[in-house]
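Peer 1: Just passing along the structure, written as structure tokens.
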Amino acid sequence: MADKPKLAVWKFASCDGCQLTLLDCEDELLAVADAITIANFPEASRAVLDGPYDVSLVEGSITTAHDRERLEAVREQSGLLIAIGACATAGGIQALRNFADVRAFTDMVYAHPEYISTLETSTPLSAHVRVDMELRGCPINKAQLLEVVSALLNGRKPNVPQGSVCIECKMRGTPCIMVAHGTPCLGPVTHAGCGAICPAYNRGCYACFGPMERPNTASLAHHLGALGVADDAVQRLFRTYNASAPEFRREGDRHGGGA
């Protein structure tokens with residue numbers, strides 16, 4: 001049907017994991033496909049329809065000048081632009097370059113670094129264009145993605161949890177691993193969405209879903225120190241998938257010398 005909303009999926013600097021999450025929806029994706037036109041999704045189909053697009057799902061961070069220009073073009077032809085995943089919302093694991101000299105890295109890795117055209121930083125989409133909504137995660141949660149698409153199709157506000165991973169631990173009956181075992185965990189400051197998988201297996205939360213709303217990172221860092229976690233180790237905890245998220249970056253800079 002010509003009047004079905006048009007959906008586009010775009011990739012920038014990323015591992016494709018969030019796009020694969022969309023493909024992982026399987027039966028649910030078939031149902032969604034009946035209600036929308038998947039107009040541009042190279043990961044799934046070579047068929048490409050011209051814009052404008054009602055909704056664009058955008059994965060990946062911006063690491064080159066060319067990608068910055070391409071993102072601006074995506075924004076121009078998109079009614080709603082939704083950033084999906086840690087790369088798109090916080091710069092991703094590749095944002096670790098933001099704490100060092102990227103030219104030193106290219107000199108070490110490439111035989112001819114003069115051919116490498118890259119920005120000094122890896123930044124989220126919101127640093128360059130207006131973003132209408134963000135879906136956190138590395139990768140995103142497919143149930144949250146389906147909820148967002150369903151909400152948009154039905155003209156309502158998406159119901160995406162805003163609490164911390166600690167709430168998810170309580171919901172699944174997992175004892176607090178910091179209290180029970182003294183295991184360092186970022187769950188108290190991390191956005192819900194993963195279902196608290198790691199704590200359920202006695203592993204500390206790695207903050208794949210980035211900072212929750214108004215996280216008290218200073219209090220958690222103080223508690224981690226009381227558990228015997230060294231200052232530089234506290235910094236490393238905050239510098240993983242969402243290292244450049246403002247709340248995590250500020251806390252990381254307070255530890256390990258602020259390098």
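Peer 1: Go through the range 91-110 and give me each residue that's surrounded by fewer than 16 Cβ atoms within 10 Å (Cβ to Cβ) and either modelled with pLDDT of 95 or more or in contact with a Gly (Cβ under 7 Å, 6 or more places away or on another chain) (or both).
Peer 2: none
Peer 1: Out of the residues in the range 10-45 meeting the condition of being of a type in the set (A, V, I, L, M) and under 17 Å from residue 86 (Cβ atoms), tell me which one is surrounded by the fewest Cβ atoms within 10 Å (Cβ to Cβ).
Peer 2: Among them, the one singled out is 20.
Peer 1: Name the single residue, out of those in the range 164-186 being closer than 19 Å to residue 240 by Cα and polar (S, T, N, Q), that is surrounded by the fewest Cβ atoms within 10 Å (Cβ to Cβ).
Peer 2: It comes out as 183.
Peer 1: Please enumerate the residues belonging to the range 199-220 that are surrounded by fewer than 22 Cβ atoms within 10 Å (Cβ to Cβ) and aliphatic (A, V, I, L, M).
Peer 2: Residues satisfying the conditions are 200, 218.
Peer 1: May I pose another question? (1) buried (at least 16 other Cβ atoms within 10 Å of the Cβ); (2) out of contact with any Asp or Glu (no Cβ under 8 Å at 6 or more places or on another chain); (3) under 25 Å from residue 225 (Cβ atoms): which one isn't true of residue 189, the others all being true?
Peer 2: (2)
Peer 1: Also, quick follow-up: Checking the structure you have, find out if any residue of the range 204-225 is of a type in the set (Phe, Trp, Tyr) and either assigned by TED's automatic domain parsing to the domain that holds residue 122 or in a helix (DSSP H, G or I) (or both).
Peer 2: no
Peer 1: Being modelled with pLDDT under 95, outside any helix (DSSP H, G or I) and exposed (fewer than 14 other Cβ atoms within 10 Å of the Cβ) is the filter here, so list the residues in the range 229-259 that pass it.
Peer 2: 259
Peer 1: Continuing with this model, one more query. I'd like to know if the range 172-182 contains one or more residues that are at pLDDT 95 or above and under 19 Å from the mean Cα position of the chain (by Cα).
Peer 2: no
Peer 1: To continue, here is another question. Determine, yes or no, whether residue 102 is in the same structural domain as residue 131 (by TED's automatic domain parsing) and within 14 Å of the chain's Cα centre (by Cα).
Peer 2: When the stated conditions are applied, residue 102 does not pass them.
Peer 1: Can you tell me which residue in the range 151-167 is farthest from residue 197 (Cα to Cα), limited to those that are touching a helix residue (DSSP H, G or I) at 6+ places or on another chain (Cβ under 8 Å) and either free of Cβ contacts under 8 Å to residues at least 40 places away in the same chain or not in a strand (DSSP E or B) (or both)?
Peer 2: 153
Peer 1: In addition: Can you list residue pairs whose Cβ atoms sit under 7 Å apart, with the first residue in the range 175-203 being over 15 Å from residue 219 (Cβ atoms) and the second being among the charged types (D, E, K, R) and surrounded by 14 or more Cβ atoms within 10 Å (Cβ to Cβ)? Count only pairs 6 or more apart in sequence or on different chains.
Peer 2: As it stands, the answer is 191/136; 192/168; 193/136; 195/168; 196/168, since those pairs meet every condition given.
The values are calculated or read from the model by the stated rules, or taken from the named source; none is laboratory data. Only a predicted model underlies this, so the values are computations on that prediction, with no experimental measurement involved. Using ideal geometry, Cβ is built from the backbone for each residue, glycine included, and neighbour counts are taken over all protein chains shown.
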